[in-house]
Amino acid sequence: MPWRPRSLTIRLTVAGATSGCAREDGLLLVFGSNAGADRHPGWYHNLLAHPGVEVEIGDGSGGVRTFAARARPLEGAERDEAYARQAARVPAYGDYQRATGRVIPVVALHPLDLATPDAARNRAIVHQLVTVHAALRAQLADLRGGGPAAADLAVHCLAFCDALGSHHATEDAVLPAFDAAFPELAPVLARLRAEDREVARGLAELRPLLTGPDVPGEDVRRRLDALAGEMERHFAYEEAHLLPALTPS
């Protein structure tokens, strides 16, 4: 941003958003300034509900680094001191705070570091993975079992496609942490990435059938059956190899 040369720009995927941030001692801080408006930006509310985020930021050599992180809103003096430092670096942030009566949130983004032992964190990752897999399995089973009426099938299929695509986007951001922490899983992670691409290709082929003028028919259900097989193999393989690595007996 040429008018803010000392501000970093990242893409922070919560439900999808763009935000300015600062880097302090390797930690990224994100500011919900919303240009001084009287409402917090939409991404901030999503982040409070879903603190597991994906970060994309320049790597300093012309490329983009993507990683998973956990968001932690700063409070009290810690927030005030961080915001004051940012306003000193980029005076526009001081203008933003003076323009509104709300306290502009500051959020720290802690990269996921699986190489550092943390049993509670690993259990939380396992729980989240198992929960998401169960929800996606149930959603797909309902679609294949004829739950939605034909007229509503496209809407329900698109919702499922969005949910599955979002899960794999999050998974792609988490896998680099597994690369670093579990080098012995390299063949497993390569297979998971290849399968993610295959599922993404299947979703891309399915979408035009759901957004066209015709009511989805047998072709859609056939593709759902094929996707179900791919998804179940992928989930089962992922659970069989990643979960034991996170929670060894």
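Would you check if Val220 is within 21 Å of Thr66 (Cα to Cα) and either among the hydrophobic types (A, V, I, L, M, F, W, C) or part of a helix (DSSP H, G or I) (or both)?
Numbers: within 21 Å of Thr66 (Cα to Cα): no; either among the hydrophobic types (A, V, I, L, M, F, W, C) or part of a helix (DSSP H, G or I) (or both): yes.
In short, no.
Of the residues Ala108, Ala173, Ala138, Ala134, only one is in contact with a strand residue (DSSP E or B) (Cβ under 6 Å, 6 or more places away or on another chain) and modelled with pLDDT of 90 or more; which?
After applying the criteria, what remains is Ala108.
How do the pairs read when you match residues in the range 205-231 that are more than 14 Å from Phe160 (Cα to Cα) with residues anywhere that are open to solvent by 80 Å² or more (accessible area, probe 1.4 Å) and modelled with pLDDT of 85 or more, using Cβ under 7 Å and keeping only pairs 6 or more apart or on different chains?
Every condition considered, the pairs that remain are Glu230/Glu198.
Here is a list of conditions, (1) under 17 Å from His127 (Cα atoms); (2) open to solvent by less than 70 Å² (accessible area, probe 1.4 Å), and Gly202 meets all of them except one; can you say which number that is?
Result: Gly202 fails condition (1) only.
In the range 67-113, what residues are within 13 Å of Leu28 (Cα to Cα) and of a type in the set (Val, Ile, Thr)?
Val106, Val107
Spot the failing condition for Ile10; the list is (1) open to solvent by less than 60 Å² (accessible area, probe 1.4 Å); (2) modelled with pLDDT of 80 or more, and only one is missed.
With respect to (1) open to solvent by less than 60 Å² (accessible area, probe 1.4 Å); (2) modelled with pLDDT of 80 or more, Ile10 is out only on (2).
Tell me, which residue of the range 121-134 that is free of Cβ contacts under 8 Å to residues at least 60 places away in the same chain and open to solvent by less than 60 Å² (accessible area, probe 1.4 Å) is nearest to Ala180 (Cα to Cα)?
My answer is Arg121.
State whether the residues of the range 141-157 include one that is modelled with pLDDT of 80 or more, part of a helix (DSSP H, G or I), of a type in the set (Val, Ile, Thr) and farther than 28 Å from Ala245 by Cα.
Checked against the condition, which is being modelled with pLDDT of 80 or more, part of a helix (DSSP H, G or I), of a type in the set (Val, Ile, Thr) and farther than 28 Å from Ala245 by Cα, the range 141-157 yields at least one hit.
Which residue is farthest from the chain's Cα centre (by Cα), if the candidates are limited to the range 166-213 and must be farther than 24 Å from Leu140 by Cβ and not in a helix (DSSP H, G or I)?
Ranking the qualifying residues of the range 166-213, first place goes to Pro213.
Please enumerate the residues belonging to the range 58-86 that are open to solvent by 60 Å² or more (accessible area, probe 1.4 Å) and closer than 30 Å to Gln128 by Cβ.
Asp59, Val64, Arg65, Arg70, Arg72, Glu75, Glu78
So which residues in the range 67-88 are part of a helix (DSSP H, G or I) and not hydrophobic (A, V, I, L, M, F, W, C), if there are any at all?
Gly76, Glu78, Arg79, Asp80, Glu81, Tyr83, Arg85, Gln86
Of everything in the range 221-242, what is open to solvent by 30 Å² or more (accessible area, probe 1.4 Å) and either in contact with a helix residue (DSSP H, G or I) (Cβ under 8 Å, 6 or more places away or on another chain) or of a type in the set (D, E, K, R) (or both)? Give them in sequence order.
Arg221, Arg222, Arg223, Asp225, Ala226, Glu230, Glu232, Arg233, Tyr237, Glu239, His241
Filter the range 89-136 for residues that are in a loop (DSSP other than H, G, I, E, B) and among the polar types (S, T, N, Q) and give the result.
Listed by number, the residues that qualify are Thr100, Thr116.
Could you check the range 156-177 and list, in sequence order, the residues that are touching a residue at least 24 places away in the same chain (Cβ under 8 Å) and open to solvent by less than 10 Å² (accessible area, probe 1.4 Å)?
Kept after step one, since they are touching a residue at least 24 places away in the same chain (Cβ under 8 Å), are these residues of the range 156-177: 157-158, 160-161, 163-165, 167-174, 176-177.
Once the filter is applied, which keeps residues that are touching a residue at least 24 places away in the same chain (Cβ under 8 Å) and open to solvent by less than 10 Å² (accessible area, probe 1.4 Å), the range 156-177 yields Cys157, Phe160, Cys161, Leu164, Ala173.
The values are calculated or read from the model by the stated rules, or taken from the named source; none is laboratory data. Here the structure is a predicted model, which means the values were calculated and not measured. Neighbour counts run over all protein chains shown; Cβ positions are idealised from the backbone, glycine included. The area values use the complete protein model at the heavy-atom level, side chains included, leaving out ligands, DNA and RNA. Shrake-Rupley method; radii C 1.70, N 1.55, O 1.52, S 1.80 Å.
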